[in-house]
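Quick one: this structure, given as structure tokens, is what I'll be asking you about.
The values are calculated or read from the model by the stated rules, or taken from the named source; none is laboratory data. None of the values given here were measured: they were computed from a predicted structure. Neighbour counts are summed over all protein chains in view; Cβ atoms, including those assigned to glycine, are modelled from backbone coordinates with ideal geometry. SASA here: full protein model, heavy atoms, side chains in, ligands and nucleic acids out. Shrake-Rupley method; radii C 1.70, N 1.55, O 1.52, S 1.80 Å.
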Amino acid sequence: MVDVRRMVLEDVAEVSRLRVAGWQAAYRGIIPDSYLDAMDAEADARQRATWRSKGIDLVAHDEKERLTGWCCSGPAGAAGHTEIFTLYVRPELIGSGIGAALLAATHRHWTALGVEGFQLWVLRGNKAARRFYERFGYAPDGTAEAYEYDGVAVEEVRYRRSAG
């Protein structure tokens, strides 16, 4: 069973550990190992504890109250749209329905507020994530941006879907 609820301050340290583990598992072979190996969950937690989202942070917990996933979303640059900024699930639990539950709860939240559509960015080389989002009606819109990680350019593609 997945319990999805709003993130609270007590979740920050675990969310940061989840984020680092998620990057290191999902992006190995896409982003340089030097960048991934230098990631620090404690530093991320210190920064995250002072950061305030303009949107909503949802977390998933299992029946033993362990944090199993996190989704952060908020207003996108396009009027009437929401952006999914992050969606991470514990690497060993990918495919268990946690990501689907978080994404569905995020969609319900913003659709109830009247958004017209959703967008997100995904690394071009992250085929598993791209397939996941495509199952939920997201499709690339032709927009891409490159970011540099330890001297290596990595491209992200934008995906969109309507709120309906």
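Quick check on this structure: which one of LEU87, LEU93, LEU67, LEU58 is touching an Asp or Glu at 6+ places or on another chain (Cβ under 7 Å) and under 28 Å from TYR35 (Cα atoms)? Break it down stepwise before answering.
Values: LEU87 fails: touching an Asp or Glu at 6+ places or on another chain (Cβ under 7 Å); LEU93 fails: touching an Asp or Glu at 6+ places or on another chain (Cβ under 7 Å); LEU58 fails: touching an Asp or Glu at 6+ places or on another chain (Cβ under 7 Å).
Of LEU87, LEU93, LEU67, LEU58, the one residue that is touching an Asp or Glu at 6+ places or on another chain (Cβ under 7 Å) and under 28 Å from TYR35 (Cα atoms) is LEU67.
Residues being open to solvent by 10 Å² or more (accessible area, probe 1.4 Å) and not in a helix (DSSP H, G or I): count how many of those fall in the stretch 48-60. Outline the logic, then answer.
Filtering the stretch 48-60 for residues open to solvent by 10 Å² or more (accessible area, probe 1.4 Å) gives 48-55, 57-58.
Imposing the further condition that a residue be not in a helix (DSSP H, G or I) reduces the set to 51-55, 57-58.
Result for the stretch 48-60: 7.
Which pairs have Cβ atoms under 6 Å, sit 6 or more apart or on different chains, and link a residue in the stretch 119-135 that is on the phi > 0 side of the Ramachandran plot to one that is not in a strand (DSSP E or B)?
none
Related question: Quick one: in the stretch 83-99, of everything that is free of Cβ contacts under 8 Å to residues at least 60 places away in the same chain and closer than 17 Å to LYS54 by Cβ, which residue is least open to solvent (accessible area, probe 1.4 Å)?
The residue in question is ILE84.
Tally time: how many residues in the stretch 8-47 are in a loop (DSSP other than H, G, I, E, B) and in contact with a helix residue (DSSP H, G or I) (Cβ under 8 Å, 6 or more places away or on another chain)?
Kept after step one, since they are in a loop (DSSP other than H, G, I, E, B), are these residues of the stretch 8-47: 8, 27, 29-30, 32, 38-40.
Now drop any that are not in contact with a helix residue (DSSP H, G or I) (Cβ under 8 Å, 6 or more places away or on another chain), which leaves 27, 39-40.
Residues flagged as in a loop (DSSP other than H, G, I, E, B) and in contact with a helix residue (DSSP H, G or I) (Cβ under 8 Å, 6 or more places away or on another chain) within the stretch 8-47 amount to 3.
Let me ask something additional. Can you work out which of the residues in the stretch 86-99 that are outside any loop (DSSP other than H, G, I, E, B) and over 19 Å from ARG158 (Cα atoms) is nearest to the chain's Cα centre (by Cα)?
Initial filter on the stretch 86-99 (outside any loop (DSSP other than H, G, I, E, B)): 86-89, 91-93, 98-99.
Then keep just the ones that are over 19 Å from ARG158 (Cα atoms); that gives 89, 91-93, 98.
Values: VAL89: 9, PRO91: 13, GLU92: 16, LEU93: 15, ILE98: 12 Å.
The extreme case among them is VAL89.
Sticking with this one: For residues that are of a type in the set (Asp, Glu) and open to solvent by 40 Å² or more (accessible area, probe 1.4 Å), scanning just the stretch 8-47, find the one that is farthest from GLU155 (Cα to Cα).
Narrowing the stretch 8-47 to residues of a type in the set (Asp, Glu): 10-11, 14, 33, 37, 40, 42, 44.
From what's left, open to solvent by 40 Å² or more (accessible area, probe 1.4 Å): 10, 14, 33, 37, 40, 42.
Numbers: GLU10: 34, GLU14: 28, ASP33: 16, ASP37: 20, ASP40: 23, GLU42: 27 Å.
Of everything passing the filter in the stretch 8-47, GLU10 is farthest from GLU155 (Cα to Cα).
Out of curiosity, is ILE30 out of contact with any Cys (no Cβ under 6 Å at 6 or more places or on another chain) and modelled with pLDDT of 95 or more? Spell out how you get there, then give the answer.
Details: out of contact with any Cys (no Cβ under 6 Å at 6 or more places or on another chain): yes; modelled with pLDDT of 95 or more: yes.
Yes, satisfied.
From the list ALA128, ALA105, exactly one residue is assigned to a helix (DSSP H, G or I) and open to solvent by 20 Å² or more (accessible area, probe 1.4 Å). Which is it? Steps first, please.
Values: ALA105 fails: open to solvent by 20 Å² or more (accessible area, probe 1.4 Å).
Of the residues listed, the single one that is assigned to a helix (DSSP H, G or I) and open to solvent by 20 Å² or more (accessible area, probe 1.4 Å) is ALA128.
Name the residues in the stretch 108-118 that are part of a helix (DSSP H, G or I) and either among the charged types (D, E, K, R) or in contact (Cβ under 8 Å) with a residue 40 or more places away in the chain (or both), would you? Working first, answer last.
Restricting attention to the stretch 108-118, the residues satisfying the condition of being part of a helix (DSSP H, G or I) are 108-112.
Those that are part of a helix (DSSP H, G or I) and either among the charged types (D, E, K, R) or in contact (Cβ under 8 Å) with a residue 40 or more places away in the chain (or both): ARG108, HIS109, TRP110, THR111.
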